[in-house]
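The values are calculated or read from the model by the stated rules, or taken from the named source; none is laboratory data. Not measured: the values here are computed from a predicted model. Virtual Cβ from ideal backbone geometry, glycine too; neighbours counted across all protein chains shown.
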Amino acid sequence: MLDSIKKKEELESKIVDLERSLKTLKQQLMDEVEEEQHRDIDHLEEYLDEVDHRYGNMKDFWHIVRQELRERFAKKKIAEGKQNPEA
């Protein structure tokens with residue numbers, strides 16, 4: 001009977017220790033997540049600047065592609081018109 005009580009107390013003690021450890025680990029995780037969020041927020045302006053820069057580059061590229069396509073289609077239309085003057 002005493003062995004059973006002692007074993008039960010040891011198990012309860014281990015559970016208490018594990019719960020404390022788990023609580024500590026959860027807090028460390030929350031602290032790390034919060035710190036990571038703060039780092040991300042600190043770099044948010046840099047990220048937004050990079051997005052703006054890339055958007056500007058894409059916008060410029062699209063303008064050039066659109067202009068080149070217009071010129072090619074215009075040349076093609078002129079060439080087709082010269083080949084088929086009755087059309």
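Some notes on this structure:
- ASN84 over 17 Å from the mean Cα position of the chain (by Cα), surrounded by fewer than 10 Cβ atoms within 10 Å (Cβ to Cβ) and without any contact (Cβ under 8 Å) to a residue 40 or more places away in the chain: yes
- Residue ID - modelled with the lowest pLDDT, chosen from residues in segment 63-87 that are in a helix (DSSP H, G or I) and of a type in the set (A, V, I, L, M): ALA79
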